[in-house]
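I have placed the structure first, in the form of structure tokens, so that the comments after it can refer back to it.
The values are calculated or read from the model by the stated rules, or taken from the named source; none is laboratory data. These numbers come from a predicted model, not from an experiment. Ideal geometry is used to build each Cβ from the backbone, glycine not excepted, and the neighbour counts take in all protein chains shown.
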Amino acid sequence: MKSQRHFFENTAGEKLGARLDFPDGGSSRACALFAHCFTCSKNLKAVGNISQALTEEGIAVLRFDFADTNFSSNVADLISAADFLKSELDAPRILIEIADRYPVHRTLHSEVSVKMRQKGRSGWVTQ
């Protein structure tokens, strides 16, 4: 797995740290956006292991750190991350979610899907 460090701005103008992981061959068949739990980090070993497994299957993965633990700003951060990934490589077709609690997982996924559809980005999130 080849990794590149990146920074991108969210809608509040804050810089978010990110890692873009590529398959060893360089080309990818899809792009994934990795949304770890709010209290975790993109550098958590489990997050890296999941990203590694996805790159071995030919999927490029953007993992990033949220600006804070506020739910509504995290939704905006996800959209900013999707925009960044699209500008760097391709629009994400897969959203990987790791949440502390199942209801947060479902609400986050639902909210992001709705917001992306409202902005004309349907198809960015697989269900």
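Quick notes
- Filtered residues of region 28-52 (kept if assigned to a loop (DSSP other than H, G, I, E, B) and at pLDDT below 85): His36, Cys37, Phe38, Thr39, Cys40, Ser41, Lys42, Asn43, Leu44
- With respect to the conditions (1) in a loop (DSSP other than H, G, I, E, B); (2) modelled with pLDDT under 80, Ser113 lacks only one, and its number is (1).
- Leu78 passes every criterion in (1) out of contact with any Lys or Arg (no Cβ under 9 Å at 6 or more places or on another chain); (2) surrounded by 15 or more Cβ atoms within 10 Å (Cβ to Cβ); (3) at pLDDT 85 or above; (4) aliphatic (A, V, I, L, M) apart from (1).
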